[in-house]
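Data block below; observations after.
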Amino acid sequence: MKEFNVINSRVPRVDARAKVTGDARYTADLSMPNMLYGALLQSPHAHAKILNIDTSAAKKLIGVKEVVTAKEASPIKFGLSPARYDEMMFCMEKVRYVGDEIAAVAAVDPDTAMEAISLIKVDYEELPAYFNIFDAMKEGAMLIHDDYPGNINAEVHQEFGNVEEAFKQCDYIRTDKFVNKKQDGAFIEPQACLANYDMDGNLILYSSTQAPHYVQRILSMVLNVPIGKVRVVKPYVGGGFGPKASASTLELTACFLSMKTGRPVKMVFNREQVFMHSRARHQFFHELTTGVKKDGTLVALKNTCYLDGGAYSSFGIATIYYAGSLLGAPYKLPNMKYDGYRVCTNTPTCGAQRGHGGVAARAAWEQQLDIIAEELKMDPVEFRLKNIMQRGDVTCNDFNMSSLGMKECLEAVRDGSEWGKKKGKLPKGKGIGVACGFFVSGAGYPIYRSDTFHSTAMIKLSEDGGTADLYTASAEIGQGSDTILSMIAAEAMGIRYENVKIHSGDTDFGVDLGAYSSRQTLMSGHAVKMAGEDVKRQVLGVLSNTLKIPIEDMDIKDGFIIFKKGNVDFSGLRSYYIKEHRGWTDQPAGDKLTFKEAARIAYLEKGVVVGGGAYKPGELGGKYKGATVGTSPAYGCSAQVVEVTVDMETGKITVDNMTDAHDCGFAINRTNVEGQMQGSLSMGLGEALFEEVKFDPNGKVANATLGEYRIPTALDMPNVKTIIVESDEPNGPFGAKEVGEGAIMPTIPAILNAVYDAVGVRINELPITSERIFMALKDKEKK
Amino acid sequence: MKQIITLTVNKEIYEIAVAPNRTLTQALREDLNLLGTKEGCGIGDCGACTVILDGRPVNSCLILAVQANGSEITTIEGVANGRDLHPLQEAFVEHGAIQCGFCTPGMVLSAKSLIEKNQNPTELEIREALSGNLCRCTGYQKIVEAVKIASENMKK
Ligand code: FES
Ligand code: FES
């Protein structure tokens, strides 16, 4: 067992005190002198031609400083992946969903801005609108975008092995359909931003974003400001979970209005706008056919999926790939075929949300695997164990399991939940279910084609040697990356956690692709570890010259210099430090040479002690089309056992117990790992049992409040038994990999399987409402 | 027409002029610059704006500033004693009850008003007291644990 001083512990988060006292500043808390407030005019129609926009009355209103529409704004299209840039700051010819942005106003206060918005007159010609993929795909349906024939936004066709041939060798084959509902991110902080374009042509945007780097690039591209003059700063962010990972019209508009007015402009979404903007979970219609041998060996999977993507592409090109590529693993599966179709509809745009693209697929398949296990008269845990991959295995789509504690996870939840005592032995109305999950630990490739580093880091020592300032552009959004990276920096340098001061979330601090695809611990962590080791090497280098001791005979741990070959007389050095440090109160003492002293000596010799680190994954994965999505330097995995009670009269489900094991490679902070697991489970439980974005007949979100769109409360969540599995990932810093998203994967199917165990019905449409259970029970009675 | 109101916030007395439609959240955040109170929905659904008003936890976004005239209010800025954290805050920090932190001020205030009335809350009582405060990050478990631990520490 390796020995560590900082990592693998439970130190409190670096930002906990600021957050618990109300000191932490989020974007909506910021203001600037002379600031204006922006507001957006959003479409009331789901699909309509814009015939005319009359802004004259709005412009005349006292206090209005600027009114802009597509006429004034940049016509440059943007989006998430360059292959499908299909959004514009404001709609040019038509609107494509209720909420599509048409115009914006900057005024002296929010009320005036809103009043001006209400004075803008738009003449529309309504067009046929489609609120589900079936209508949108119908022969003769009007195109939502001219570029997407049949309203098919993207198609993916992949085959690994030979599925039709493989089915011929199967003893048992079955097909099931499954559908989820659109889920909302429901982060508690609505999006906000504050932009300032100064007299020297520098643009600064404070934004509640997950990906400052991508926002910086889009601002530069659309607003035609050199990238070096665009700075994006992310203050504290109140949760993101995916939807905050793309640059938005809100951000572009604030910047544009600031450029036009020469004053800072602040814009904040209200809750309804959060729902309309969405960029959250897609709706997926899966049809899965799985073939197995009598002995339970998995042989082949055919997966067809239609995704309702809403009005624009956003992250959807990645989503459609993930909906196929994340199946198969964590099981050995030699043959897999995937056909995916992402369809545009006149509804809010869907994007990435925790477990990007894979959550519905996973729910569908893990439920089907449960059915198959039953047909084969095998215990579901045994069935899964029989097919499980292990470290060193490679999937048929070329994902390399450089570490995989899947077996350990399954065994841990089996034993931790007393599966053996409960499975098949619970009274009617009570049930237990199991499922596995699997996820990337950072996208292997950036969203735009490039050889860019994915993360850089810089550490600078203070002149007294007492503080290490860590600069990273990574995005703390609540997941804890500031804490994890501070811990990694401290460990790498050999100093104490409290002596690291992190500065993050600012494009001026380097390059970091941001908080998405569960990448910060592994990728930013690598860069930070390199920077820390660089600093350590430099300090020891100077010390080696001064003390005439080879570097290899020294180390730094817990803030002290270790002389491996026994005691060294450093009294000269100490008196020098004390002399240098005259008048200060924190003079070193004791019989060990401190890092601080050594760092001061290094400063006196070099002037600048700065360490750097930069990470990009090497060449990874397969060469087929789409191989870049799903390919990752490492994969996290998890297993879960859920126990439920179903009221046989009303169909009401109560989740009684959840036992979750997650392989995070190596836990940098054990409390944070558990926190990610518990948070994932609650989001999964919500999606399983009640979350559903609904639309009225005109395509407007019908439940755009946190009262009507219900997320789990403290009363809905049971206590979760969390088990951390550590498989020591060779491609991760100190062996660490993801936990932020993978942990959500098994939750929905484990609940589905537990419900079946309780009442004997299979539900293949989410959410598993009382009504669905009740109807399924009625149907079963009839049979 | 603006109206002059008096609020006692965190033991300080303030006199401010507010428009009749100004919410207490806005008055606290914008007029008094007490930015620790968060706004997540503005319509009483999320609890992020919770403050303690005359001893009761309330959603400050649902109360007009003029209605609060003459009342005594505790916001998150008034929970710690100078640099010393309240035992609840200590427990939140130590036991991982904070992730993004956006729900945290409201959670702390709901929890504070619970343990002021009930020094021995059960898990269920804690969950009930916090059920109006939504948290999307934590799954609530570590928050509930922190409140329990704080209530025990406060008895010592
Ligand atoms: S902001 Fe007041 S309850 Fe949400
Ligand atoms: S910690 Fe993020 S909402 Fe509670």
Give a residue-ordered list of calculated ³J(HN,Hα) values for the stretch A:517-524 (Karplus: 6.51 cos²θ - 1.76 cosθ + 1.60, θ = phi - 60°; whole Hz; x for Gly, Pro).
-> 6, 6, 10, 5, 4, 6, 7, 5
Tail beyond 22 Å, pair distance distribution of the stretch B:3-78 (Cα, percent) = 9
What average count of beta carbons from other chains do you get within 10 Å of the Cβ of residues in A:310-320?
-> 0
Would you mind telling me the share, in percent, of accessible area of the stretch B:3-78 contributed by carbon and sulfur at probe 1.4 angstrom?
-> 44
Tell me, Kirkwood radius of the stretch A:141-294 from alpha-carbon pair distances, in Å?
-> 19.0
Could you state, as a whole-number percent, how many of the C-alpha pairs of the stretch A:546-673 are farther apart than 18 Å?
-> 75
Can you give the alpha-carbon Rg of the protein assembly as shown over 2.2 N^0.38 Å, where N counts its residues?
-> 0.95
Low-density loop positions, trypsin sites (Lys or Arg not before Pro), the stretch A:677-744 - DSSP coil, at most 16 other Cβ in 10 Å | A:694
Volume in Å³ per residue [convex hull over Cα atoms, computed for the stretch A:396-461] = 239
Scattering curve values for the stretch A:165-248, log₁₀ I(q)/I(0), Debye with Cα scatterers, q = 0.16, 0.23 Å⁻¹ | -0.67, -1.08
Taking every residue in B:105-112, how many Cβ atoms of other protein chains lie within 10 Å of its Cβ, on average?
-> 2
A correct Stokes-Einstein calculation for the stretch B:87-155, using the alpha-carbon Kirkwood radius, 20 °C and 1.002 mPa s, returns a whole-number D in µm² s⁻¹ of 187
Just in the stretch A:350-422: which trypsin sites (Lys or Arg not before Pro) are loop by DSSP and have at most 11 other Cβ atoms within 10 Å?
-> A:377
Out of every Cα-Cα pair in the stretch A:616-706, what percent are more than 24 Å apart?
-> 53
Can you tell me the 0 to 90 degree angle between the C-alpha axis of helix B:141-155 and the longest principal axis of chain B, rounded to 10?
-> 90
Could you run the numbers on buried accessible area between B and A, total for both chains, 1.4 angstrom probe, in Å² to the nearest 100?
-> 3800
Relative compactness, the stretch A:685-783, computed as alpha-carbon Rg over 2.2 N^0.38 Å | 1.45
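How many percent of the accessible area of the stretch B:87-155 is carbon or sulfur, using a 1.4 Å probe?
49
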Got the relative contact order for the stretch B:87-155 handy, in percent, Cα pairs under 8 Å and 6 or more residues apart?
-> 51
Estimated 222 nm signal from helices in the protein assembly as shown, with DSSP H stretches of n ≥ 4 weighted -39500 (n - 2.57), rounded to 500 = -8500 deg cm²/dmol
For the stretch A:583-656 the GluC sites (Glu not before Pro) that pass both the DSSP coil test and the at-most-16 other-Cβ-within-10 Å test are A:619, A:649
Determine how large the accessible area of residue B:54 is when every protein chain is in place; take a 1.4 Å probe and give Å² rounded to the nearest 10.
-> 100
Violations at 25 Å Cα threshold for listed pairs A:302/A:386; A:59/A:94; A:332/A:721; A:302/A:700 -> A:332/A:721; A:302/A:700
For the stretch A:106-199, divide the Cα radius of gyration by the Kirkwood radius and give the resulting Rg/Rh value with two decimals.
-> 1.18
The stretch B:2-155 pair-distance distribution - Cα-Cα, 10 Å bins, rounded % | 12, 43, 32, 12, 1
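The values are calculated or read from the model by the stated rules, or taken from the named source; none is laboratory data. Just so we're clear, the structure is a prediction, and the values are computed from it rather than from any experiment. Neighbour counts are summed over all protein chains in view; Cβ atoms, including those assigned to glycine, are modelled from backbone coordinates with ideal geometry. The accessibility values were calculated without ligands, DNA or RNA, using every heavy atom of the protein model including side chains. Shrake-Rupley method; radii C 1.70, N 1.55, O 1.52, S 1.80 Å.
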